[in-house]
Amino acid sequence: MTALLLLPRSAADLVRGRTVAASVLGVGLGLWAWFVAFLVVLGFLRGPLYGFVVPGPYDDAWGGPTLAGAWTVHALVWVGVLVAALAMWWCLARLHAAVVEHLAGSRRRVWSVPVAVLLLVLAVGFVVLFVRQL
């Protein structure tokens, strides 16, 4: 009998449930985008500003043993990370649009909701692992 209570009673309940699902997934994807922004800022502090963050000697640094070499290599790695982050933000925006369109009923994109849920589960796991290493 309790399983019947979980079913929507009317079309309004179905729309309300889809709106809540779209909102929860939207907030989750937005938080993931902000976490990626945090990683980009952290990469900027450790990449192009490497010489200010890490005092010498740079014998064991990527591009070492000189400050110029270490700075160049870290800055180039940061550019690669920035390109990857921009691609990730674009993909997140497209995924969010697909989820909203699917749950609103305007376009049928069945794949979007499971992909968003999987991405959020993986994102939570990544954040937990990232925080535990600190």
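Please treat every number below as a calculation from the coordinates, not as lab data. Since this is a predicted model, take the numbers as computed values, not measurements. Cβ coordinates were reconstructed from backbone atoms using ideal geometry, including for glycine residues, and neighbour counts include every protein chain displayed.
Net charge around His96, counting only other residues with Cβ within less than 14 Å of its Cβ (Lys, Arg = +1; Asp, Glu = -1)? Summing Lys and Arg as +1 and Asp and Glu as -1 gives +2. Modelled spin-label separation between Leu82 and Trp62, with each label point placed 7 Å from Cα along the Cα-to-Cβ direction: 1.5 nm. For the chain, the convex hull spanned by the alpha carbon atoms encloses 121 Å³ per residue.
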